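The structure appears below as structure tokens.
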Amino acid sequence: EYFLALGTLKALTGDLASARLDFEKAASLCEKTGAERLTIGVLCTLAETNWMTGDLDAALAGYREAVMLARKSPVARRIALGAGLTNLAGVHTERGELCEALLAAREGLPLRNEAGFAWVTLDHLALRAALAGNTSNAARLAGHTDYPFAANESSRQPNEARSRERLQGLLIENLSPGELERLLGEGAQMSEDEACRMALEE
């Protein structure tokens with residue numbers, strides 16, 4: 001827990017290289033001591049840090065390991081599995097592996113939705129929709145996700161911000177300003193269940 005906290009502090013201050021070393025130490029200690037529940041969280045945190053630094057291979061491997069442990073663990077909560085799977089979908093999306101992203105999302109997003117936190121991961125699935133050619137739904141999902149961030153006056157995490165920025169470029173490229181504004185507005189009015197169903201379409 002000490003190395004997890006120390007790595008988190010370093011990550012928040014922008015020292016991702018040092019943060020990754022601390023998370024790796026935490027993961028090693030968890031494995032040695034059999035701290036099962038903490039291991040899953042540490043692996044996800046390490047994977048997220050690797051993702052932030054652009055090491056998609058390491059991020060993919062880390063989330064896969066975390067998901068595997070969460071499936072087997074009698075103590076892991078469903079939200080941990082949902083978070084691992086939806087983040088795995090985000091990494092697959094950034095790698096251009098759209099079928100794999102959808103497969104992971106179809107299992108993970110309902111678990112996130114149960115806990116009321118589906119919206120925090122929809123940036124990646126909106127980008128997946130745009131890359132799959134469904135620009136209208138991608139814009140609606142973007143509008144749905146933008147709304148709670150604005151309402152809560154909160155900022156996206158780096159990986160989500162990067163997905164949203166890439167998505168915005170695709171939306172501007174493929175939609176007229178008026179159409180984009182209309183679709184964003186429609187998305188802001190959707191329920192979370194509606195947005196999740198839309199995000200899981202082909």
So how much accessible area does H144 have, in Å² to the nearest 10, using a 1.4 Å probe?
10 Å²
Among 44-52, 166-174, how do they line up by average Cβ neighbours within 10 Å per residue, starting with the highest?
44-52, 166-174
Taking the Cα centre of region 110-202 as the origin, how large is its charge dipole in debye, to the nearest 20, when only Lys and Arg (+1) and Asp and Glu (-1) carry charge on their Cβ atoms?
240 debye
With +1 on each Lys and Arg Cβ and -1 on each Asp and Glu Cβ, how big is the dipole of region 1-156 about its Cα centre, in debye rounded to the nearest 20?
380 debye
If you line up the long axis of helix 36-52 against the longest principal axis of the chain, both from Cα atoms, how many degrees apart are they, to the nearest 10?
50 degrees
Between the helical axis of 122-131 and the dominant principal axis of the chain, each derived from Cα atoms, what acute angle in degrees is found, rounded to the nearest 10?
60 degrees
Say we join alpha carbon atoms closer than 10 Å with springs in a Gaussian network model of the chain; which of T121, T53, T33 then has the biggest fluctuation?
T33
In degrees, nearest ten, helix 98-115 long axis to first principal axis of the chain (Cα):
80 degrees
Nearby lysines by direct alpha-carbon distance to K72 (threshold 27 angstrom, same-chain neighbours under 8 apart not counted)
K25, K32
The chain: Rg/Rh from Cα coordinates, Kirkwood Rh?
0.99
Might you work out the accessible area of D57 for me, using a 1.4 Å probe with all protein chains in place, and round it to the nearest 10 Å²?
100 Å²
What does the accessible area per residue of region 118-202 come to in Å², with a 1.4 Å probe and no ligands, DNA or RNA counted?
48 Å²
log10 I(q)/I(0) for region 1-105, Debye formula on C-alpha points only (no solvent), q = 0.13, 0.20 Å⁻¹, two decimals, reads -0.44, -0.98
Region 31-81, dipole about Cα centre (Lys/Arg Cβ +1, Asp/Glu Cβ -1), debye to the nearest 20:
360 debye
Short to long, in 10 Å steps from zero, the percent of alpha-carbon pairs of region 83-202 per bin is 15, 53, 30, 2
Need the C-alpha centroid separation for region 127-185 versus region 42-105, integer Å.
22 Å
Accessible area per residue in Å² at 1.4 Å probe, computed on region 1-82
56 Å²
Heavy-atom accessible surface of the chain: percent carbon and sulfur, 1.4 Å
54 percent
HN-Hα J in Hz across region 185-202 - Karplus 6.51, -1.76, 1.60, θ = phi - 60°, x for Gly and Pro
x, 4, x, 5, 8, 6, 6, 5, 5, 4, 5, 5, 4, 5, 5, 9, 6, 4
How much accessible surface area, in Å² rounded to 10, belongs to the heavy atoms of R37 with a 1.4 Å probe?
150 Å²
Taking Cα atoms of region 1-57, Rg/Rh with Kirkwood Rh, to two decimals?
0.96
Picking from L88, L43, A101, whose Cα lies most toward the positive end of the charge dipole for the chain (charges on Cβ: Lys, Arg +1; Asp, Glu -1)?
L43
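The values are calculated or read from the model by the stated rules, or taken from the named source; none is laboratory data. Note that this is a predicted model, so its numbers are computed, not measured. When we count neighbours, we look across all protein chains shown, and the Cβ atoms used for this are built from the backbone with ideal geometry, even at glycine. What goes into the accessible areas is simple: the full protein's heavy atoms, side chains included, and nothing from ligands, DNA or RNA. Shrake-Rupley method; radii C 1.70, N 1.55, O 1.52, S 1.80 Å.
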